[in-house]
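Computed from the coordinates by the stated procedures, all read-outs in this text should not be read as laboratory data. These numbers come from a predicted model, not from an experiment. Glycine gets a Cβ as well: all are built from the backbone with ideal geometry, and neighbour counts include every protein chain shown.
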Protein chains: 2
Amino acid sequence: MAEIQFSRGITETDVPKVGLTRAKRGSSSTAKFIFENPTVFQEGNTQEVTGMYMIDEEGELKTRNVNAKFVNGQPATIEVLYLMDSQAEWDRFMRFMERYAEQHGLGFSKSK
Amino acid sequence: MAEIQFSRGITETDVPKVGLTRAKRGSSSTAKFIFENPTVFQEGNTQEVTGMYMIDEEGELKTRNVNAKFVNGQPATIEVLYLMDSQAEWDRFMRFMERYAEQHGLGFSKSK
């Protein structure tokens, strides 16, 4: 099991693109998520976006770095930056992503 | 360092898309590589494709499951299937892919 939530307990079913970057030397790295059509913004949906939660068998990773982009005055897409400051955080994140990718048919491709 | 070669000692600089699939229960999994514009087929290049070698600091992974697709009578693109039969092989492959992805700016996206 590996899933993403924007509001606790509610699964986000839109599958994002995820770009990865790492600093050349340091241990800092970034994952940028783009949700083109998040269910959280679908009509009639009143849940509040409180952050992004990545949940798997090991537990939960979370960030508050969640930004909505507006189209015609309505929130339409979501961009999330997930920042990691150590190799251990990166390793943990990649374990989540492996599980999430397997489950949702993601592969690797040019992230830009 | 993480690189791919089709002929020993010669780096392939075209960056592939990589789709991942895993069996629901068993430990078998597959990575499908697609090279749209491999340097190995560029004009004047006479190297022989003897397999696909994935090389990083831990050593080498290889497969002979390499197929060229022809356009106008010329080999144009390459598809490679890399098959894994255990969790350990998958883990080793993902360590290679993490390194390769970092170095070549790959992220995760729908592998279709």
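Looking only at segment B:76-103, which residues are touching a Ser or Thr at 6+ places or on another chain (Cβ under 9 Å) and part of a helix (DSSP H, G or I)?
Passing the criteria: B:Gln87, B:Ala88, B:Glu89, B:Trp90, B:Phe93, B:Ala101, B:Glu102.
When the residues of segment A:34-58 are narrowed to those that are assigned to a loop (DSSP other than H, G, I, E, B) and closer than 22 Å to A:Glu89 by Cβ, which ends up nearest to the chain's Cα centre (by Cα)?
A:Gly51
Each row is one residue, and each column tells you yes or no for (1) under 28 Å from A:Gly105 (Cβ atoms); (2) loosely packed, with under 11 Cβ neighbours inside 10 Å; (3) out of contact with any His (no Cβ under 6 Å at 6 or more places or on another chain).
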| site | (1), (2), (3) |
| --- | --- |
| B:Glu36 | yes, no, yes |
| B:Thr50 | no, no, yes |
| B:Met54 | yes, no, yes |
| B:Thr63 | yes, no, yes |
| B:Val66 | yes, no, yes |
| B:Val71 | yes, yes, yes |
| B:Thr77 | yes, no, yes |
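So in segment B:29-51, with the set limited to residues that are closer than 22 Å to B:Pro75 by Cα and of a type in the set (Ser, Thr, Tyr), which one is nearest to the other protein chains (Cβ to nearest Cβ)? Lay out the reasoning, then the answer.
Of segment B:29-51, the ones closer than 22 Å to B:Pro75 by Cα are B:31-51.
Okay, now just the ones that are also of a type in the set (Ser, Thr, Tyr), so B:39, B:46, B:50.
Numbers: B:Thr39: 16, B:Thr46: 28, B:Thr50: 24 Å.
Top of the filtered list is B:Thr39.
Could you grab me the full set of residues in segment B:15-28 that are more than 14 Å from A:Phe108 (Cβ to Cβ), touching a strand residue (DSSP E or B) at 6+ places or on another chain (Cβ under 8 Å) and within 11 Å of another protein chain (Cβ to nearest Cβ)?
B:Arg22, B:Ala23
What number of residues in segment A:2-33 are at negative phi and either acidic (Asp, Glu) or assigned to a loop (DSSP other than H, G, I, E, B) (or both)?
If we filter segment A:2-33 for residues that are at negative phi, which is where we start, we get A:2-8, A:10-33.
Of the ones still in play, those that are also either acidic (Asp, Glu) or assigned to a loop (DSSP other than H, G, I, E, B) (or both) are A:3, A:8, A:12-16, A:23-28.
Summing the residues that are at negative phi and either acidic (Asp, Glu) or assigned to a loop (DSSP other than H, G, I, E, B) (or both) in segment A:2-33 gives 13.
Kindly provide the set of residues from segment A:86-112 that are facing another protein chain (nearest Cβ under 7 Å), surrounded by 16 or more Cβ atoms within 10 Å (Cβ to Cβ) and of a type outside the set (Gly, Ala, Ser), ordered by number. Explain how you work it out, then say what you get.
Here is the first cut: in segment A:86-112, the ones facing another protein chain (nearest Cβ under 7 Å) are A:94, A:97-98, A:101-102, A:105-112.
Still in the list and also surrounded by 16 or more Cβ atoms within 10 Å (Cβ to Cβ): A:94, A:97-98, A:101-102, A:106-109, A:111.
Those that are facing another protein chain (nearest Cβ under 7 Å), surrounded by 16 or more Cβ atoms within 10 Å (Cβ to Cβ) and of a type outside the set (Gly, Ala, Ser): A:Met94, A:Met97, A:Glu98, A:Glu102, A:Leu106, A:Phe108.
Considering each residue of segment B:29-49, count those that are touching a residue at least 40 places away in the same chain (Cβ under 8 Å) and not acidic (Asp, Glu), and give that number.
11
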